[in-house]
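Trainee: Have a look at this one.
The values are calculated or read from the model by the stated rules, or taken from the named source; none is laboratory data. No experiment lies behind these values; they were computed from the predicted model shown. A quick note on method: Cβ atoms are made from the backbone with ideal geometry, for glycine too, and the neighbour counts reach across all protein chains shown. The protein model used for the area step is the full one, side chains on, heavy atoms only, and it has no ligands, DNA or RNA in it. Shrake-Rupley method; radii C 1.70, N 1.55, O 1.52, S 1.80 Å.
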Amino acid sequence: MQSLRDPAVRTAALGALGWFVAVGLAVVAAVLGLPWLGFVAVALFYAGEAALAAGDPRVDLWLGEREMAPLQRAMLRDAVSVLAWLLTVEPAIRLVVPVVVTVLAVPAAHLGYRVLTAHHASVRRGRLAWQRLDVEGELEGPLRLPPILPVVGPFSGRLVLLLCDVFVVVGLWAVVAGAGSVVLAVGAALTLLALAACILAGVRRSAVVRHLPSATEDNERLRRAVEDFAPEVVVYFSGPIGTTYQLNVWLEALERVRRRTLLVVRERHHLDDLLPTTLPLVIAPSAVHVEFVHTDSVLVALYPTTVIRNNHMIRLPGVRHVFINHGDGDKAVTYSPLHRVFDEIWVAGRAACDRYLTKGEGVRLDQLVVVGRPQLAHVGLRSGAPVEQPPTVLYAPTWEGNFDDVDYSSVASMGVGLVRELLRAEPPVRVLFKPHPATGNRRSDAAGALAEVTEMVRRSPRGTLVAPGPDALYDAFNACDVLVADVSSVVADFLASRKPYVVTNPRRRDTAAMQRDFPSTSGGPVLSPGDRVVDLVREAVTTDPYRERRERLAEYFLGEPSPDPIGRFADEVEAACLRAAERHDHVLETNREAPR
């Protein structure tokens with residue numbers, strides 16, 4: 001589980017703690033007949049549930065794995081309340097039976113609700129989603145149905161149903177406190193009515209689901225729409241939660257492509273984080289679906305990532321497969337042998353070509369195409385004016401990578417101390433903080449350090465958290481005077497500004513070896529654990545001894561400056577389509593002539 005320094009985890013953990021305390025208090029109140037303590041327990045029960053619902057869902061999952069899921073917690077809450085009533089009031093059996101039936105109606109209704117929702121999910125399963133593609137007049141699909149139950153504060157879905165016990169629970173404790181049985185009767189009646197309303201809402205949803213077209217009919221409509229659109233360029237993307245930024249960085253450039261372009265995305269969760277775009281999109285969850293939405297019109301497929309699922313597209317004949325990556329820096333992953341599978345590998349400048357050709361990974365010169373970095377179109381060049389005081393420092397570390405061998409992140413080992421020193425510097429400096437979106441995904445210590453740094457920056461009058469956005473990083477480039485970053489494409493991209501930077505060295509590598517293996521680091525001083533970052537920042541904004549070196553590196557990494565980097569990318573896509581046409585037509589002709 002992530003560190004308790006993460007606010008979402010802390011909220012859920014406090015909710016879990018409150019629930020455990022509530023159980024203890026309720027038992028004591030039931031045994032000793034203390035109604036006031038019982039009401040405190042009831043308040044804690046529901047407050048704890050609210051915190052669990054609002055916080056990190058992994059805490060609730062952790063409880064569920066230990067037989068303390070929301071249903072079990074509701075049943076225990078109800079059982080303790082009934083126990084207090086039985087011990088204090090000693091009611092007649094004619095009163096016990098309807099109360100017990102009411103309490104048991106909660107898990108029974110919960111079971112019915114889960115059965116209904118599972119049935120609805122099975123009926124809707126297998127339908128491909130799309131956006132901004134005209135499918136018989138519909139620009140988005142399949143039809144999104146509203147939730148069965150309304151959202152109540154942090155509660156949604158089955159959690160709302162489990163809240164229906166609040167009326168009978170309060171009624172039970174009210175009777176323990178001396179109220180008449182009519183209060184309990186009203187509470188029980190309200191609980192039963194609320195449960196009935198929940199089940200009725202589910203039955204109404206069933207009637208709607210029953211009249212929907214089948215998944216096969218829905219998908220055939222989509223396939224016909226894709227064929228009518230006849231895409232010539234496909235942008236193929238796959239990745240786990242938190243990786244949508246790898247596609248987002250290309251959207252502005254892709255909007256300028258003159259050929260008909262379709263986004264084929266494998267996982268639906270990317271829709272939550274995808275930036276606004278006019279490009280049509282299809283979600284193709286399986287390899288069969290990728291082939292299902294593929295048309296003979298496709299000339300070129302662009303790939304921002306190297307994931308195993310790329311094979312499902314690469315296997316399709318007649319297409320020119322182009323790797324465009326989502327960053328172009330010195331990390332080892334930027335020259336992976338996996339890239340050999342592509343027909344073309346598009347790079348920013350000569351540095352990437354040298355990287356591929358000297359690392360012995362089998363990439364050929366004829367695969368490499370220099371296209372520049374269209375994402376840097378809005379990065380401004382450093383002006384000749386003196387730096388305004390106080391100077392602004394951007395700390396933009398990378399994440400810890402999928403493996404230790406490609407972990408260049410400074411967040412866990414250096415981040416807290418580095419940012420604390422900057423925020424306390426005298427004379428003062430301003431601090432912008434822009435972490436990599438995937439920070440903490442693999443290492444819990446990185447997640448904890450990220451939460452601590454974020455909180456420090458948020459609370460300091462000198463600190464600013466860079467908000468997420470399509471150009472957030474590049475806007476931060478323009479706003480800062482000095483960059484502090486790890487070995488990553490951030491450093492290479494920052495060269496476009498010609499501003500000074502400091503590169504971290506969390507593993508204390510030899511500086512000469514580091515500059516040899518990661519050429520971008522030679523454009524600024526190297527910061528190892530224990531070094532004073534403030535001193536390096538002061539030097540950067542005054543004497544800046546690395547300025548001439550950065551000028552040379554900028555051209556080496558990013559190529560010749562272009563007046564329209566995005567237009568250049570669009571031209572390269574056009575050229576790739578022309579290169580693809582001959583093989584594409586040959587494959588189609590061969591397929592037509594093949595015996596059936």
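Trainee: Could you give the nm distance between label points at Leu61 and Glu560, where each point is 7 Å from its Cα heading toward the beta carbon?
Mentor: 5.1 nm
Trainee: Counting only helical runs of four or more DSSP H residues, what would the 222 nm mean residue ellipticity of the chain come to if each run contributes -39,500 (n - 2.57) and the total is spread over all its residues?
Mentor: Helices in the chain give a 222 nm mean residue ellipticity of -15500 deg cm²/dmol.
Trainee: I'd like the antiparallel share, as a percent to the nearest 5, of DSSP beta bridges with both residues in the chain.
Mentor: Given both bridge residues lie in the chain, the antiparallel proportion sits at roughly 15 percent.
Trainee: OK, next. Where does region 217-304 land on Rg/Rh, using Cα atoms and the Kirkwood Rh?
Mentor: 0.94
Trainee: In debye, nearest 20: dipole of the chain around its Cα centre with unit charges on the Cβ of K, R (+) and D, E (-)?
Mentor: With only Lys, Arg, Asp and Glu charged at Cβ, the dipole is about 980 debye.
Trainee: Taking 7 Å along the Cα-to-C-beta vector as the label spot, tell me the Leu381-Asp366 distance in nanometres, rounded to one decimal.
Mentor: The modelled label-to-label distance comes out at 3.8 nm.
Trainee: Alpha carbon centre of region 156-191 versus region 428-466: separation in Å?
Mentor: Each part reduced to its Cα centre gives a spacing of 45 Å.
Trainee: Starting from 0.36 nm per residue, how many nanometres of slack lie between Leu87 and Val151 once their C-alpha separation is accounted for?
Mentor: 19.4 nm
Trainee: log₁₀ I(q)/I(0) of the chain at q = 0.08, 0.11 Å⁻¹, via Debye over equal Cα point scatterers, no solvent, to two decimals?
Mentor: Results for the chain at q = 0.08, 0.11 Å⁻¹ read -0.74, -1.09.
Trainee: If you average 1/r across every pair of different Cα atoms in region 245-404 and take the reciprocal, what Kirkwood value do you get, in Å?
Mentor: For region 245-404, the Kirkwood estimate is 18.0 Å.
Trainee: Summarise the accessible area of the chain (1.4 Å probe, protein heavy atoms) by the percent that is carbon and sulfur.
Mentor: That fraction is 59 percent.
Trainee: OK, next. Run through every distinct alpha carbon pair of region 344-473 and return the Kirkwood hydrodynamic radius in angstroms, one decimal place.
Mentor: 17.4 Å
Trainee: In whole Hz and in residue order, list the ³J(HN,Hα) couplings for region 37-48 that follow from phi through the Karplus curve 6.51 cos²θ - 1.76 cosθ + 1.60, θ = phi - 60°; x for Gly and Pro.
Mentor: Using θ = phi - 60°, the values come out as 5, x, 5, 4, 4, 4, 4, 5, 3, 6, 5, x Hz.
Trainee: Next question. Can you list residues from other chains, or at least 5 along the same chain, whose modelled amide H is less than 5 Å from the amide H of Leu368?
Mentor: Ile345
Trainee: Work out how much length Leu212 to Ala197 would gain on full extension: take 0.36 nm times their residue separation and subtract the Cα-Cα distance, in nm to one decimal.
Mentor: 3.1 nm
Trainee: Considering only protein heavy atoms, what per residue accessible area in square angstrom results for the chain with a 1.4 angstrom probe?
Mentor: Here the residues of the chain average 45 Å² of exposed surface.
Trainee: If you don't mind, there's one more thing I want to ask. Per residue of region 360-368, in order, report the coupling 6.51 cos²θ - 1.76 cosθ + 1.60 (Karplus, θ = phi - 60°) as ³J(HN,Hα) in whole Hz, putting x for Gly and Pro.
Mentor: x, 9, x, 6, 9, 4, 6, 7, 8
Trainee: Could you sort the peptides 266-276, 530-540, 40-50 by per-residue average Cβ neighbour count (10 Å cutoff), highest mean leading?
Mentor: Peptide ranking by packing, descending: 40-50, 530-540, 266-276.
Trainee: Can you list residues whose amide H is under 5 Å from Val484's amide H, if they're 5+ apart or on another chain and H is modeled 1.01 Å from N?
Mentor: For Val484, whose amide H was placed from the backbone, the distant partners under 5 Å are Leu394, Tyr395, Ala396, Val502.
Trainee: A follow-up question, please. Please state the relative contact order of the chain as a whole percent: Cα pairs under 8 Å, 6+ residues apart?
Mentor: 12 percent
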